[in-house]
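Student: Once you've had a glance at the structure underneath, I'll fire off some questions.
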(Lines give C-alpha, C1' and ligand atoms only; values in the text may rest on other atoms or scores of the structure.)
Protein backbone atom coordinates (compact mmCIF):
# COMPACT_ATOMS: atom_id res chain seq x y z
CA UNK A 1 0.00 0.00 0.00
CA UNK A 2 1.41 3.39 -1.01
CA UNK A 3 1.37 6.49 1.15
CA UNK A 4 -1.18 7.91 -1.30
CA UNK A 5 -3.45 4.91 -0.62
CA UNK A 6 -3.06 5.47 3.11
CA UNK A 7 -3.85 9.17 2.73
CA UNK A 8 -6.99 8.37 0.76
CA UNK A 9 -8.13 5.81 3.32
CA UNK A 10 -7.33 8.10 6.24
CA UNK A 11 -9.25 10.97 4.66
CA UNK A 12 -12.29 8.70 4.31
CA UNK A 13 -12.05 7.85 8.03
CA UNK A 14 -11.75 11.51 9.01
CA UNK A 15 -14.79 12.38 6.91
CA UNK A 16 -16.83 9.54 8.39
CA UNK A 17 -16.01 10.43 12.00
CA UNK A 18 -15.89 14.22 11.91
CA UNK A 19 -17.86 15.19 8.82
CA UNK A 20 -14.85 17.09 7.43
CA UNK A 21 -14.76 16.70 3.64
CA UNK A 22 -12.12 14.15 2.63
CA UNK A 23 -10.51 16.53 0.14
CA UNK A 24 -9.60 18.89 3.00
CA UNK A 25 -7.50 16.15 4.61
CA UNK A 26 -4.14 16.92 3.01
CA UNK A 27 -0.67 16.02 4.35
CA UNK A 28 0.32 19.43 5.74
CA UNK A 29 -2.89 19.91 7.72
CA UNK A 30 -2.68 19.83 11.52
CA UNK A 31 -5.45 17.72 13.05
CA UNK A 32 -6.08 20.08 15.95
CA UNK A 33 -5.11 23.49 14.58
CA UNK A 34 -6.30 23.26 10.96
CA UNK A 35 -9.02 20.62 11.04
CA UNK A 36 -10.25 21.38 14.60
CA UNK A 37 -10.30 17.69 15.54
CA UNK A 38 -10.30 17.12 19.31
CA UNK A 39 -8.53 14.41 21.30
CA UNK A 40 -11.55 12.11 21.53
CA UNK A 41 -12.09 12.22 17.77
CA UNK A 42 -8.38 11.46 17.34
CA UNK A 43 -8.91 8.32 19.42
CA UNK A 44 -11.82 7.33 17.18
CA UNK A 45 -9.78 8.02 14.04
CA UNK A 46 -6.86 5.97 15.37
CA UNK A 47 -9.17 3.09 16.25
CA UNK A 48 -10.78 3.14 12.83
CA UNK A 49 -7.34 3.34 11.18
CA UNK A 50 -6.21 0.28 13.15
CA UNK A 51 -9.15 -1.68 11.75
CA UNK A 52 -8.75 -0.37 8.21
CA UNK A 53 -5.00 -0.72 7.85
CA UNK A 54 -4.36 -3.64 10.20
CA UNK A 55 -1.87 -1.70 12.31
CA UNK A 56 -1.55 -0.88 16.01
CA UNK A 57 -1.67 2.76 17.15
CA UNK A 58 -1.28 2.85 20.94
CA UNK A 59 -2.61 5.76 23.02
CA UNK A 60 0.90 7.13 23.57
CA UNK A 61 1.49 7.32 19.81
CA UNK A 62 -1.69 9.27 19.13
CA UNK A 63 -0.30 12.34 20.93
CA UNK A 64 2.60 12.46 18.44
CA UNK A 65 0.37 12.47 15.37
CA UNK A 66 0.15 16.24 14.93
CA UNK A 67 -0.38 16.41 11.17
CA UNK A 68 -2.04 14.23 8.56
CA UNK A 69 1.44 13.53 7.21
CA UNK A 70 2.55 12.28 10.65
CA UNK A 71 -0.33 9.81 10.67
CA UNK A 72 0.30 8.59 7.12
CA UNK A 73 4.00 8.01 7.91
CA UNK A 74 3.16 6.22 11.16
CA UNK A 75 0.69 3.89 9.47
CA UNK A 76 3.10 3.21 6.59
CA UNK A 77 5.90 2.26 9.03
CA UNK A 78 3.59 0.30 11.34
CA UNK A 79 2.25 -1.65 8.37
CA UNK A 80 5.66 -2.96 7.33
CA UNK A 81 5.84 -6.63 8.33
CA UNK A 82 8.46 -7.17 11.04
CA UNK B 1 -35.05 -14.04 63.44
CA UNK B 2 -37.62 -14.20 60.71
CA UNK B 3 -36.82 -16.65 57.96
CA UNK B 4 -36.80 -14.84 54.62
CA UNK B 5 -36.71 -17.79 52.28
CA UNK B 6 -39.64 -17.64 49.88
CA UNK B 7 -41.59 -20.63 48.67
CA UNK B 8 -41.52 -21.92 45.13
CA UNK B 9 -39.17 -20.46 42.56
CA UNK B 10 -40.25 -17.21 40.94
CA UNK B 11 -39.34 -15.39 37.75
CA UNK B 12 -37.87 -11.93 38.50
CA UNK B 13 -38.92 -8.66 36.93
CA UNK B 14 -38.73 -4.94 37.57
CA UNK B 15 -41.68 -3.75 39.65
CA UNK B 16 -40.89 -0.08 40.20
CA UNK B 17 -38.39 2.74 39.66
CA UNK B 18 -37.43 5.79 41.70
CA UNK B 19 -35.10 8.76 41.25
CA UNK B 20 -33.43 11.24 43.54
CA UNK B 21 -32.04 14.31 41.78
CA UNK B 22 -30.51 16.92 44.08
CA UNK B 23 -32.06 20.38 43.81
CA UNK B 24 -28.90 22.36 43.17
CA UNK B 25 -28.04 22.73 39.48
CA UNK B 26 -24.46 23.61 38.48
CA UNK B 27 -24.15 24.75 34.85
CA UNK B 28 -21.08 24.72 32.64
CA UNK B 29 -20.97 28.50 32.96
CA UNK B 30 -20.86 28.11 36.74
CA UNK B 31 -17.79 25.87 36.38
CA UNK B 32 -16.18 28.22 33.87
CA UNK B 33 -16.23 30.92 36.53
CA UNK B 34 -13.47 29.11 38.42
CA UNK B 35 -11.98 26.73 35.82
CA UNK B 36 -10.19 27.43 32.54
CA UNK B 37 -12.98 26.01 30.37
CA UNK B 38 -16.21 27.09 28.71
CA UNK B 39 -19.68 25.83 27.95
CA UNK B 40 -19.06 25.00 24.28
CA UNK B 41 -15.86 23.08 25.05
CA UNK B 42 -17.58 20.96 27.69
CA UNK B 43 -20.65 20.28 25.55
CA UNK B 44 -18.56 19.35 22.50
CA UNK B 45 -16.49 16.80 24.38
CA UNK B 46 -19.00 15.39 26.84
CA UNK B 47 -22.56 16.32 25.89
CA UNK B 48 -22.98 17.71 29.41
CA UNK B 49 -24.73 21.06 29.94
CA UNK B 50 -25.31 20.89 33.68
CA UNK B 51 -25.24 18.55 36.62
CA UNK B 52 -26.94 18.19 40.02
CA UNK B 53 -24.84 18.59 43.15
CA UNK B 54 -26.05 17.34 46.54
CA UNK B 55 -26.39 19.66 49.52
CA UNK B 56 -23.75 19.48 52.23
CA UNK B 57 -26.09 17.63 54.59
CA UNK B 58 -27.18 15.09 51.95
CA UNK B 59 -25.24 11.90 51.42
CA UNK B 60 -25.28 8.52 49.75
CA UNK B 61 -27.65 7.17 52.42
CA UNK B 62 -30.23 9.96 52.26
CA UNK B 63 -30.24 10.04 48.46
CA UNK B 64 -30.48 6.25 48.22
CA UNK B 65 -33.31 6.14 50.75
CA UNK B 66 -35.31 8.80 48.88
CA UNK B 67 -34.92 7.09 45.51
CA UNK B 68 -35.75 3.70 47.06
CA UNK B 69 -38.88 5.00 48.82
CA UNK B 70 -40.11 6.39 45.51
CA UNK B 71 -39.40 3.06 43.80
CA UNK B 72 -41.32 1.16 46.48
CA UNK B 73 -44.28 3.52 46.04
CA UNK B 74 -44.06 3.08 42.25
CA UNK B 75 -44.04 -0.69 42.68
CA UNK B 76 -46.80 -0.72 45.27
CA UNK B 77 -44.58 -2.75 47.58
CA UNK B 78 -44.53 -2.15 51.35
CA UNK B 79 -41.12 -1.59 52.92
CA UNK B 80 -42.01 -4.31 55.42
CA UNK B 81 -42.09 -6.79 52.53
CA UNK B 82 -38.53 -6.04 51.38
CA UNK B 83 -36.14 -8.95 51.93
CA UNK B 84 -32.90 -7.43 50.66
CA UNK B 85 -31.46 -3.98 50.08
CA UNK B 86 -28.45 -3.66 47.76
CA UNK B 87 -26.75 -0.27 47.52
CA UNK B 88 -24.35 0.11 44.62
CA UNK B 89 -21.96 2.93 45.47
CA UNK B 90 -18.30 3.85 45.36
CA UNK B 91 -18.55 7.22 47.11
CA UNK B 92 -19.33 6.54 50.76
CA UNK B 93 -17.28 8.95 52.90
CA UNK B 94 -15.96 6.05 54.97
CA UNK B 95 -16.04 2.33 54.37
CA UNK B 96 -17.55 1.46 57.76
CA UNK B 97 -20.46 1.26 58.19
CA UNK B 98 -21.84 0.61 54.73
CA UNK B 99 -24.89 2.46 53.41
CA UNK B 100 -27.35 -0.38 52.87
CA UNK B 101 -28.36 -1.12 56.48
CA UNK B 102 -29.05 2.57 57.06
CA UNK B 103 -31.06 2.75 53.85
CA UNK B 104 -33.09 -0.28 54.93
CA UNK B 105 -33.80 1.30 58.31
CA UNK B 106 -34.74 4.63 56.74
CA UNK B 107 -37.21 2.78 54.51
CA UNK B 108 -38.68 0.76 57.39
CA UNK B 109 -37.48 -2.45 55.76
CA UNK B 110 -37.07 -4.00 59.18
CA UNK B 111 -36.56 -7.59 58.10
CA UNK B 112 -34.32 -6.97 55.11
CA UNK B 113 -30.75 -8.09 54.71
CA UNK B 114 -28.54 -5.30 53.41
CA UNK B 115 -25.17 -4.86 51.80
CA UNK B 116 -23.16 -2.41 49.70
CA UNK B 117 -21.69 -3.32 46.36
CA UNK B 118 -18.76 -1.52 44.76
CA UNK B 119 -18.39 -2.12 41.06
CA UNK B 120 -18.02 1.63 40.47
CA UNK B 121 -20.12 2.91 37.58
CA UNK B 122 -21.17 -0.65 36.69
CA UNK B 123 -22.59 -1.31 40.17
CA UNK B 124 -26.29 -0.99 39.41
CA UNK B 125 -26.23 -3.69 36.73
CA UNK B 126 -24.30 -6.00 39.06
CA UNK B 127 -26.84 -5.36 41.80
CA UNK B 128 -29.73 -5.99 39.44
CA UNK B 129 -28.25 -9.37 38.52
CA UNK B 130 -27.81 -10.31 42.19
CA UNK B 131 -31.39 -9.24 42.90
CA UNK B 132 -32.81 -11.22 39.99
CA UNK B 133 -30.93 -14.33 41.09
CA UNK B 134 -32.11 -13.89 44.69
CA UNK B 135 -35.74 -13.73 43.58
CA UNK B 136 -35.30 -16.63 41.20
CA UNK B 137 -33.70 -18.83 43.84
CA UNK B 138 -36.19 -17.92 46.55
CA UNK B 139 -33.61 -16.22 48.76
CA UNK B 140 -35.63 -13.02 48.55
CA UNK B 141 -39.05 -12.05 47.22
CA UNK B 142 -38.64 -8.27 47.00
CA UNK B 143 -35.28 -6.59 46.55
CA UNK B 144 -34.37 -2.90 46.52
CA UNK B 145 -31.45 -2.19 44.18
CA UNK B 146 -30.24 1.40 44.33
CA UNK B 147 -27.26 3.12 42.77
CA UNK B 148 -26.36 6.19 44.83
CA UNK B 149 -23.34 8.46 44.51
CA UNK B 150 -22.06 11.69 45.99
CA UNK B 151 -19.20 12.16 43.54
CA UNK B 152 -18.92 15.84 44.39
CA UNK B 153 -17.05 14.84 47.58
CA UNK B 154 -14.43 12.98 45.53
CA UNK B 155 -13.91 15.29 42.56
CA UNK B 156 -10.98 17.69 42.36
CA UNK B 157 -12.87 20.90 41.61
CA UNK B 158 -9.65 22.50 40.37
CA UNK B 159 -9.08 19.80 37.69
CA UNK B 160 -10.97 20.78 34.55
CA UNK B 161 -10.48 17.35 33.01
CA UNK B 162 -12.61 15.62 35.65
CA UNK B 163 -14.61 18.31 37.45
CA UNK B 164 -16.76 18.94 34.39
CA UNK B 165 -17.90 15.31 34.18
CA UNK B 166 -19.55 14.33 37.42
CA UNK B 167 -22.78 14.83 39.34
CA UNK B 168 -24.66 13.45 42.34
CA UNK B 169 -27.87 11.44 42.57
CA UNK B 170 -29.54 8.10 43.18
CA UNK B 171 -31.66 5.76 41.11
CA UNK B 172 -33.53 2.74 42.46
CA UNK B 173 -35.41 -0.28 41.18
CA UNK B 174 -37.59 -2.83 42.93
CA UNK B 175 -37.11 -6.41 41.76
CA UNK B 176 -39.78 -8.95 42.60
CA UNK B 177 -41.69 -11.93 41.25
CA UNK B 178 -43.42 -11.76 37.89
CA UNK B 179 -47.10 -12.73 37.86
CA UNK B 180 -47.60 -16.48 37.76
CA UNK B 181 -46.93 -17.93 34.34
CA UNK B 182 -45.00 -14.91 33.04
CA UNK B 183 -41.42 -15.19 31.87
CA UNK B 184 -38.49 -13.47 33.54
CA UNK B 185 -38.31 -9.74 32.87
CA UNK B 186 -34.61 -9.51 33.68
CA UNK B 187 -32.32 -11.20 31.19
CA UNK B 188 -29.05 -12.98 31.93
CA UNK B 189 -26.24 -10.64 32.88
CA UNK B 190 -23.10 -10.40 30.76
CA UNK B 191 -20.28 -9.06 32.86
CA UNK B 192 -16.52 -8.87 33.08
CA UNK B 193 -13.56 -7.08 34.58
CA UNK B 194 -9.96 -6.09 33.88
CA UNK B 195 -7.93 -5.24 36.96
CA UNK B 196 -4.89 -4.79 34.74
CA UNK B 197 -6.26 -1.37 33.91
CA UNK B 198 -7.17 -0.35 37.46
CA UNK B 199 -5.19 2.86 37.03
CA UNK B 200 -7.42 4.29 34.28
CA UNK B 201 -9.93 5.57 36.87
CA UNK B 202 -8.91 5.75 40.52
CA UNK B 203 -8.81 7.69 43.75
CA UNK B 204 -5.40 7.52 45.41
CA UNK B 205 -5.45 7.14 49.19
CA UNK B 206 -6.17 10.56 50.63
CA UNK B 207 -6.57 12.06 47.18
CA UNK B 208 -9.21 12.92 44.61
CA UNK B 209 -10.57 11.12 41.57
CA UNK B 210 -8.22 10.71 38.59
CA UNK B 211 -9.31 9.73 35.11
CA UNK B 212 -7.37 8.91 31.94
CA UNK B 213 -10.08 10.23 29.66
CA UNK B 214 -8.73 9.27 26.22
CA UNK B 215 -7.82 5.74 27.37
CA UNK B 216 -11.24 5.21 28.95
CA UNK B 217 -12.88 6.60 25.83
CA UNK B 218 -10.94 4.22 23.63
CA UNK B 219 -11.74 1.21 25.79
CA UNK B 220 -15.41 2.07 26.02
CA UNK B 221 -15.90 2.83 22.34
CA UNK B 222 -14.10 -0.28 21.13
CA UNK B 223 -15.08 -2.94 23.70
CA UNK B 224 -18.58 -2.29 24.93
CA UNK B 225 -20.61 -2.85 21.78
CA UNK B 226 -19.56 -6.50 21.94
CA UNK B 227 -20.74 -6.72 25.56
CA UNK B 228 -24.02 -5.12 24.53
CA UNK B 229 -24.52 -7.59 21.69
CA UNK B 230 -23.69 -10.49 24.02
CA UNK B 231 -26.32 -9.32 26.51
CA UNK B 232 -28.90 -9.24 23.71
CA UNK B 233 -27.89 -12.72 22.57
CA UNK B 234 -28.11 -14.02 26.14
CA UNK B 235 -31.67 -12.71 26.28
CA UNK B 236 -32.46 -14.36 22.95
CA UNK B 237 -33.05 -11.13 21.04
CA UNK B 238 -31.38 -9.04 18.35
CA UNK B 239 -30.24 -5.44 18.95
CA UNK B 240 -32.90 -4.38 16.45
CA UNK B 241 -35.55 -5.79 18.82
CA UNK B 242 -34.66 -3.27 21.53
CA UNK B 243 -37.06 -0.44 22.31
CA UNK B 244 -34.45 1.34 24.42
CA UNK B 245 -30.71 1.37 25.01
CA UNK B 246 -29.70 2.70 28.41
CA UNK B 247 -25.92 2.83 28.67
CA UNK B 248 -24.06 4.32 31.61
CA UNK B 249 -24.09 8.07 31.13
CA UNK B 250 -20.33 8.59 31.15
CA UNK B 251 -19.95 10.81 28.11
CA UNK B 252 -22.37 11.45 25.26
CA UNK B 253 -19.59 10.74 22.77
CA UNK B 254 -19.15 7.24 24.26
CA UNK B 255 -22.91 6.71 24.25
CA UNK B 256 -23.14 7.72 20.58
CA UNK B 257 -20.21 5.55 19.51
CA UNK B 258 -21.44 2.43 21.33
CA UNK B 259 -25.01 2.94 20.09
CA UNK B 260 -23.75 3.28 16.52
CA UNK B 261 -21.73 0.08 16.76
CA UNK B 262 -24.54 -1.81 18.47
CA UNK B 263 -26.98 -1.10 15.65
CA UNK B 264 -30.08 -0.90 17.84
CA UNK B 265 -31.90 0.88 15.05
CA UNK B 266 -35.35 0.93 16.68
CA UNK B 267 -34.18 1.91 20.15
CA UNK B 268 -34.44 5.24 21.92
CA UNK B 269 -31.00 5.94 23.39
CA UNK B 270 -30.88 7.40 26.90
CA UNK B 271 -29.52 10.95 26.96
CA UNK B 272 -29.86 11.96 30.60
CA UNK B 273 -26.20 12.97 30.79
CA UNK B 274 -26.87 16.43 29.31
CA UNK B 275 -28.71 17.55 32.45
CA UNK B 276 -27.20 15.18 35.00
CA UNK B 277 -23.53 14.53 34.26
CA UNK B 278 -21.92 11.23 35.11
CA UNK B 279 -23.48 9.91 38.33
CA UNK B 280 -21.60 6.59 38.33
CA UNK B 281 -23.77 3.76 39.72
CA UNK B 282 -26.84 6.02 39.75
CA UNK B 283 -26.75 6.84 36.06
CA UNK B 284 -28.47 3.82 34.52
CA UNK B 285 -31.53 3.79 36.83
CA UNK B 286 -31.80 7.60 36.63
CA UNK B 287 -31.68 7.48 32.83
CA UNK B 288 -34.18 4.62 32.62
CA UNK B 289 -36.57 6.33 35.03
CA UNK B 290 -36.43 9.52 33.03
CA UNK B 291 -37.15 7.73 29.74
CA UNK B 292 -40.26 6.28 31.36
CA UNK B 293 -41.31 9.59 32.93
CA UNK B 294 -41.04 11.26 29.53
CA UNK B 295 -43.11 8.54 27.86
CA UNK B 296 -40.21 7.47 25.63
CA UNK B 297 -40.47 3.90 26.94
CA UNK B 298 -43.53 2.11 28.24
CA UNK B 299 -44.27 -0.94 30.36
CA UNK B 300 -43.23 -4.13 28.61
CA UNK B 301 -40.68 -2.46 26.35
CA UNK B 302 -37.35 -4.25 26.07
CA UNK B 303 -34.43 -2.12 27.28
CA UNK B 304 -30.75 -2.97 27.26
CA UNK B 305 -28.92 -1.69 30.33
CA UNK B 306 -25.13 -1.44 29.99
CA UNK B 307 -22.83 -0.08 32.67
CA UNK B 308 -19.04 0.20 32.83
CA UNK B 309 -16.39 1.94 34.82
CA UNK B 310 -13.52 1.83 37.24
CA UNK B 311 -11.95 -1.51 38.00
CA UNK B 312 -12.33 -1.92 35.13
CA UNK B 313 -15.76 -3.49 35.46
CA UNK B 314 -18.70 -3.86 33.13
CA UNK B 315 -22.11 -5.52 33.11
CA UNK B 316 -25.26 -5.46 31.01
CA UNK B 317 -28.64 -7.13 30.73
CA UNK B 318 -31.91 -6.81 28.87
CA UNK B 319 -34.90 -5.91 31.03
CA UNK B 320 -38.63 -5.45 30.51
CA UNK B 321 -39.57 -1.91 31.51
CA UNK B 322 -42.12 -1.77 34.35
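Student: Quick one: in segment B:87-104, of everything that is out of contact with any helix residue (DSSP H, G or I) (no Cβ under 8 Å at 6 or more places or on another chain) and not in a helix (DSSP H, G or I), which residue is surrounded by the most Cβ atoms within 10 Å (Cβ to Cβ)?
Tutor: Per the criteria, the residue is B:98.
Student: Still on this structure: Only one of (1) at negative phi; (2) within 13 Å of another protein chain (Cβ to nearest Cβ); (3) exposed (fewer than 14 other Cβ atoms within 10 Å of the Cβ) is not met by residue A:33, so which one is it?
Tutor: Of everything listed in (1) at negative phi; (2) within 13 Å of another protein chain (Cβ to nearest Cβ); (3) exposed (fewer than 14 other Cβ atoms within 10 Å of the Cβ), residue A:33 misses just condition (2).
Student: Do you know which residues across segment B:11-42 are touching a helix residue (DSSP H, G or I) at 6+ places or on another chain (Cβ under 7 Å) and free of Cβ contacts under 8 Å to residues at least 24 places away in the same chain?
Tutor: B:29, B:32, B:38, B:39
Student: Could you check, for segment B:268-278, whether at least one of its residues is part of a loop (DSSP other than H, G, I, E, B), within 16 Å of residue B:321 (Cα to Cα) and under 16 Å from the mean Cα position of the chain (by Cα)? Working first, answer last.
Tutor: The initial filter retains those residues of segment B:268-278 that are part of a loop (DSSP other than H, G, I, E, B), namely B:270-272, B:277.
Still in the list and also within 16 Å of residue B:321 (Cα to Cα): B:270.
If we keep only those that are under 16 Å from the mean Cα position of the chain (by Cα) too, we end up with B:270.
Yes, there is a match, as at least one residue in segment B:268-278 is part of a loop (DSSP other than H, G, I, E, B), within 16 Å of residue B:321 (Cα to Cα) and under 16 Å from the mean Cα position of the chain (by Cα).
Student: Tell me which residues, restricted to segment B:116-166, are in contact with a helix residue (DSSP H, G or I) (Cβ under 6 Å, 6 or more places away or on another chain) and under 19 Å from residue B:305 (Cα atoms).
Tutor: If the condition is that a residue be in contact with a helix residue (DSSP H, G or I) (Cβ under 6 Å, 6 or more places away or on another chain) and under 19 Å from residue B:305 (Cα atoms), then B:117, B:119, B:121, B:123, B:124, B:143, B:144, B:145, B:146, B:147, B:148, B:149 are the ones that fit.
Student: Which residues, counting only those in segment B:198-222, are free of Cβ contacts under 8 Å to residues at least 12 places away in the same chain and not in a loop (DSSP other than H, G, I, E, B)?
Tutor: Listed by number, the residues that qualify are B:214, B:218, B:222.
Student: Of these, B:243, B:250, B:234, which one is surrounded by 15 or more Cβ atoms within 10 Å (Cβ to Cβ) and touching a helix residue (DSSP H, G or I) at 6+ places or on another chain (Cβ under 9 Å)? Step through it out loud before you land on a result.
Tutor: Numbers: B:243 fails: touching a helix residue (DSSP H, G or I) at 6+ places or on another chain (Cβ under 9 Å); B:234 fails: touching a helix residue (DSSP H, G or I) at 6+ places or on another chain (Cβ under 9 Å).
That would be B:250, the only listed residue that is surrounded by 15 or more Cβ atoms within 10 Å (Cβ to Cβ) and touching a helix residue (DSSP H, G or I) at 6+ places or on another chain (Cβ under 9 Å).
Student: While we're looking at this one, here's another question. Select, from B:282, B:270, the only residue that is touching a strand residue (DSSP E or B) at 6+ places or on another chain (Cβ under 6 Å) and free of Cβ contacts under 8 Å to residues at least 40 places away in the same chain.
Tutor: On the way: B:282 fails: free of Cβ contacts under 8 Å to residues at least 40 places away in the same chain.
Criteria check complete, one pass: B:270.
Student: Could you say which residue among A:41, A:56 is farther than 27 Å from residue B:42 by Cβ and touching a helix residue (DSSP H, G or I) at 6+ places or on another chain (Cβ under 7 Å)? Let's see the steps before the verdict.
Tutor: Values: A:41 fails: farther than 27 Å from residue B:42 by Cβ.
Only one candidate passes the filter, namely A:56.
Student: Something else about it: Out of the residues in segment A:59-73 that are touching a helix residue (DSSP H, G or I) at 6+ places or on another chain (Cβ under 8 Å) and within 11 Å of chain B (Cβ to nearest Cβ), state the one that is surrounded by the fewest Cβ atoms within 10 Å (Cβ to Cβ).
Tutor: Of all residues in segment A:59-73, those touching a helix residue (DSSP H, G or I) at 6+ places or on another chain (Cβ under 8 Å) come to A:59, A:61-62, A:64-65, A:68, A:71-73.
Restricting the remaining residues to those that are within 11 Å of chain B (Cβ to nearest Cβ) gives A:59, A:62.
Values: A:59: 14, A:62: 19.
Step by step, filter segment A:59-73, then rank; the result is A:59.
Student: Consider only pairs whose beta carbons are under 6 Å apart and that are at least six residues apart or on different chains; among these, list those whose first residue lies in segment B:226-252 and is within 14 Å of chain A (Cβ to nearest Cβ) and part of a helix (DSSP H, G or I) and whose second residue is modelled with pLDDT of 95 or more and surrounded by 15 or more Cβ atoms within 10 Å (Cβ to Cβ).
Tutor: B:252/B:47; B:252/B:273
Student: State which residue pairs qualify: first residue in contact (Cβ under 8 Å) with a residue 24 or more places away in the chain and inside segment A:29-53, second residue part of a loop (DSSP other than H, G, I, E, B) and surrounded by fewer than 14 Cβ atoms within 10 Å (Cβ to Cβ) in any location, beta carbons under 6 Å apart, and separation of 6 or more residues or different chains.
Tutor: Final answer for the pair search is A:30/A:66; A:53/A:79.
Student: Could you grab me the full set of residues in segment B:113-143 that are part of a loop (DSSP other than H, G, I, E, B), touching a residue at least 60 places away in the same chain (Cβ under 8 Å) and surrounded by 18 or more Cβ atoms within 10 Å (Cβ to Cβ)? If you could, list the steps in order and put the result at the bottom.
Tutor: First pass over segment B:113-143, keeping only residues part of a loop (DSSP other than H, G, I, E, B): B:118-119, B:138-142.
Add one more test, that the residue is touching a residue at least 60 places away in the same chain (Cβ under 8 Å), and what stays is B:119, B:138-142.
Once the filter is applied, which keeps residues that are part of a loop (DSSP other than H, G, I, E, B), touching a residue at least 60 places away in the same chain (Cβ under 8 Å) and surrounded by 18 or more Cβ atoms within 10 Å (Cβ to Cβ), segment B:113-143 yields B:119, B:140, B:141, B:142.
Student: Considering each of A:76, A:49, A:11 in turn, give the residue that is closer than 16 Å to residue B:222 by Cα and away from chain B (no Cβ under 12 Å).
Tutor: Details: A:76 fails: closer than 16 Å to residue B:222 by Cα; A:11 fails: closer than 16 Å to residue B:222 by Cα.
Going through A:76, A:49, A:11 in turn, just one is closer than 16 Å to residue B:222 by Cα and away from chain B (no Cβ under 12 Å): A:49.
Student: May I ask you to verify whether residue A:40 is within 11 Å of another protein chain (Cβ to nearest Cβ) and surrounded by 13 or more Cβ atoms within 10 Å (Cβ to Cβ)? Outline the logic, then answer.
Tutor: Numbers: within 11 Å of another protein chain (Cβ to nearest Cβ): yes; surrounded by 13 or more Cβ atoms within 10 Å (Cβ to Cβ): yes.
Criteria met by residue A:40.
Student: Can you name the helices (runs of 4 or more DSSP H) wholly within segment B:1-86 that have at least 3 residues being more than 14 Å from chain A (Cβ to nearest Cβ) and under 24 Å from residue B:184 (Cα atoms)?
Tutor: Hits in segment B:1-86: B:60-75.
Student: Look through B:147, B:185, B:195, B:176 and report the one residue that is under 16 Å from residue B:284 (Cα atoms) and either surrounded by 22 or more Cβ atoms within 10 Å (Cβ to Cβ) or touching a residue at least 12 places away in the same chain (Cβ under 8 Å) (or both).
Tutor: Values: B:185 fails: under 16 Å from residue B:284 (Cα atoms); B:195 fails: under 16 Å from residue B:284 (Cα atoms); B:176 fails: under 16 Å from residue B:284 (Cα atoms).
Just a single option satisfies the conditions, and that option is B:147.
Student: Now for a different question. Just to be sure, is residue B:207 closer than 23 Å to residue B:150 by Cβ and buried (at least 18 other Cβ atoms within 10 Å of the Cβ)? So that I can check it myself, show each step before the final result.
Tutor: Working: closer than 23 Å to residue B:150 by Cβ: yes; buried (at least 18 other Cβ atoms within 10 Å of the Cβ): no.
No.
The values are calculated or read from the model by the stated rules, or taken from the named source; none is laboratory data. Worth saying up front: this structure is predicted, and the values here are computed from it rather than measured. Glycine gets a Cβ as well: all are built from the backbone with ideal geometry, and neighbour counts include every protein chain shown.
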